[in-house]
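Q: Let me begin by handing over the structure; questions about it come next.
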Amino acid sequence: MGSDTLIHNRKARFDFSILETFEVGIVLKGTEVKSIRGHKAHLNDSFALIERGEVILYNFHIDPYAFGNRSNHDPLRKRKLLLHKNEIQRLVGKLTQKRLTLVPLSIYLKRGRVKVEMALAERKLKGDKREDLKKKASDREAQAAMKQRVRNVRN
């Protein structure tokens, strides 16, 4: 989504089938923003839950700012995500309807503000992952064959 992407969650697209993506804001402290701008964070194993009408992001690890002082933040604290009330209600409906999860895909800057690309996702089964790997391999082979054919036609 964002042009200035700072952090990717590569594992999310492998472990989950992405059904829908959307952009949300996040409540951060000053030293957290500085660490994120320095690419000192990761989204591995992070997820979001809806609690008391608010969306909370868990397991988002932000390293303490190297030049910070005693007011540095806790690296694994819960962080509130900023959505409109009607968006939260829509998500509650979808999450209770099916076995879906809220997963962060990336963190990026948009007009100087830190944004999170969230996804409504469904966990892949082991067989689904194998099928995806087979499909990727066959697509790669097809691309290689097409390149080879183009080279042969030109020569």
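Q: Along the Cα→Cβ direction, 7 angstrom out, place labels at Asn59 and Leu95. What is the inter-label distance in nm?
A: 1.5
Q: Compute the relative contact order of segment 68-155 as a whole-number percentage, counting only Cα pairs closer than 8 Å that sit 6 or more residues apart in sequence. Could the numbers behind the result be given before it?
A: Details: 40 pairs, mean separation 14.1, N = 88.
Relative contact order here is 16 percent.
Q: Please compute the contact order of the chain in relative form: average sequence separation of alpha-carbon pairs under 8 Å and at least six residues apart, divided by the residue count, as a percent.
A: Values: 252 pairs, mean separation 48.6, N = 155.
Worked out over the chain, it gives 31 percent.
Q: Could you work out what % of the accessible surface of segment 1-77 is carbon and sulfur, using a 1.4 angstrom probe and leaving DNA, RNA and ligands out of the count? Present the calculation step by step, with values, prior to reporting the outcome.
A: On the way: 2290 of 4650 Å².
Carbon and sulfur: 49 percent of the exposed surface of segment 1-77.
Q: Something else now. Aspartates and glutamates near Lys85 by alpha-carbon distance under 19 Å, same-chain residues fewer than 8 away left out - which ones?
A: Once the sequence-local aspartates and glutamates are set aside, what remains near Lys85 is Glu20, Glu23, Glu51, Glu54, Glu117.
Q: 222 nm [θ] for the chain, helices only, -39500 (n - 2.57) per DSSP H run of 4+, per residue, to 500? Please list the in-between numbers first.
A: Numbers: 4 runs with 56 residues, N = 155.
Helix contribution divided over all residues of the chain: -11500 deg cm²/dmol.
Q: Give the dimensionless ratio obtained when the Cα radius of gyration of segment 63-155 is divided by 2.2 N^0.38 Å. Write down the numbers at each step before the final one.
A: Numbers: Rg = 22.1 Å, N = 93, 2.2 N^0.38 = 12.3 Å.
That works out to 1.80 for segment 63-155.
Q: Mind checking the alpha-carbon convex hull of segment 1-57 and giving the volume per residue in Å³?
A: Numbers: hull volume 6.6 nm³, N = 57.
Here the figure is 116 Å³ per residue.
Q: Right, another one. For the chain, what ratio Rg/Rh do Cα atoms give with a Kirkwood hydrodynamic radius?
A: On the way: Rg = 19.4 Å, Rh = 17.7 Å.
Reported Rg/Rh, Kirkwood definition of Rh: 1.10.
Q: Count the net charge of all other residues whose Cβ sits under 11 Å from the Cβ of Lys115, scoring Lys and Arg as +1 and Asp and Glu as -1.
A: Computed value for this residue: 0.
Q: Taking only protein heavy atoms and a 1.4 Å probe, what accessible area per residue, in Å², does the chain have with all protein chains in place? Intermediate results must be reported in sequence, preceding the final value.
A: Values: 10650 Å² over 155 residues.
Heavy-atom SASA per residue in the chain reads 69 Å².
Q: When you have a sec, figure out the Kirkwood radius of segment 52-104 from all distinct Cα pair distances and drop it here in Å to one decimal?
A: Working: mean 1/r = 0.0752 Å⁻¹.
Mean inverse Cα-Cα distance, inverted, gives 13.3 Å.
The values are calculated or read from the model by the stated rules, or taken from the named source; none is laboratory data. Small disclaimer: the values here were computed from a predicted structure and weren't measured. All Cβ positions, glycine included, derive from the backbone under ideal geometry; neighbour counts span all protein chains shown. The protein model used for the area step is the full one, side chains on, heavy atoms only, and it has no ligands, DNA or RNA in it. Shrake-Rupley method; radii C 1.70, N 1.55, O 1.52, S 1.80 Å.
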